[in-house]
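Have a look at the structure below before the remarks.
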Amino acid sequence: MKALVIDDDDIARELIVSVLESGGYETYDLPSPIGATQVIIDRGIEIVVLDLFMPAMSGDKLAKMLRSNPRLHALTIVLVSGCDIEQLEGLAKSVKADAVVPKQEIRTRLLREVNGSSRRAAAR
């Protein structure tokens, strides 16, 4: 499966890519949401893992934009952030993200959430 990681923090982005690649995912990454839709379409991305707080555009706004694109209806969206888990879950629900992962739990939860979310998306 192909995953796109979008995070303005180089260290966090590299960690997320590393975890996904260890789980067998083909990964691409961007330091900004700018151009994300084109990369998703051109590369056949199935999963997007994106940071919530980025300077160019917040992750929740990008998720909402991706969800409104009929060409991307099957896309799995996972939000990551260092913010409070309740806030993260609330934002994820409002933009119809498939899963959330606190940044401090990337190593332990990311693959489980991505795998579970992608299985649920395939069953839709």
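Got at least one residue in the stretch 18-35 being over 17 Å from V114 (Cα atoms) and under 12 Å from the mean Cα position of the chain (by Cα)?
Pass one, the stretch 18-35, residues over 17 Å from V114 (Cα atoms): 30-35.
Pick out the ones that are also under 12 Å from the mean Cα position of the chain (by Cα) and you get 30, 33.
Checked against the condition, which is being over 17 Å from V114 (Cα atoms) and under 12 Å from the mean Cα position of the chain (by Cα), the stretch 18-35 yields at least one hit.
Within the stretch 38-95, restricting attention to residues that are aliphatic (A, V, I, L, M) and assigned to a strand (DSSP E or B), which residue is nearest to E26 (Cα to Cα)? It would help to see each step written out before you state the result.
Here is the first cut: in the stretch 38-95, the ones aliphatic (A, V, I, L, M) are 39-41, 45, 47-50, 52, 54, 56-57, 62-63, 65-66, 72, 74-75, 77-80, 85, 88, 91-92, 95.
If we keep only those that are assigned to a strand (DSSP E or B) as well, we get 47-50, 77-80.
Values: I47: 10, V48: 12, V49: 13, L50: 16, I77: 16, V78: 16, L79: 18, V80: 19 Å.
Going through the qualifying residues, I end up with I47.
Can you name every residue in the stretch 27-69 that is farther than 19 Å from E14 by Cβ and among the hydroxyl-bearing types (S, T, Y)?
Passing the criteria: T37, S58, S68.
Report whether or not G35 is in contact (Cβ under 8 Å) with a residue 24 or more places away in the chain and among the small types (G, A, S).
no
Considering only the stretch 1-17, how many residues are surrounded by 15 or more Cβ atoms within 10 Å (Cβ to Cβ) and either farther than 21 Å from N115 by Cβ or of a type in the set (D, E) (or both)?
Here the count works out to 3.
When you check I40 against the structure, is it surrounded by 15 or more Cβ atoms within 10 Å (Cβ to Cβ) and either of a type outside the set (S, T, N, Q) or modelled with pLDDT of 95 or more (or both), yes or no?
Here the answer is yes, as I40 does meet what is asked.
Just for the stretch 44-68: of the residues that are in contact (Cβ under 8 Å) with a residue 40 or more places away in the chain and under 17 Å from S118 (Cα atoms), which one is surrounded by the fewest Cβ atoms within 10 Å (Cβ to Cβ)?
Per the criteria, the residue is G44.
Need pairs with beta-carbon distance below 6 Å; first residue of a type in the set (V, I, T) and within the stretch 69-94, second assigned to a loop (DSSP other than H, G, I, E, B) and at pLDDT 85 or above; sequence gap 6+ or separate chains.
Pairs found: T76/D98; I77/A97; I77/D98.
The values are calculated or read from the model by the stated rules, or taken from the named source; none is laboratory data. Here the structure is a predicted model, which means the values were calculated and not measured. Glycine also receives a Cβ, built like all others from the backbone with ideal geometry; neighbour counts cover every protein chain displayed.
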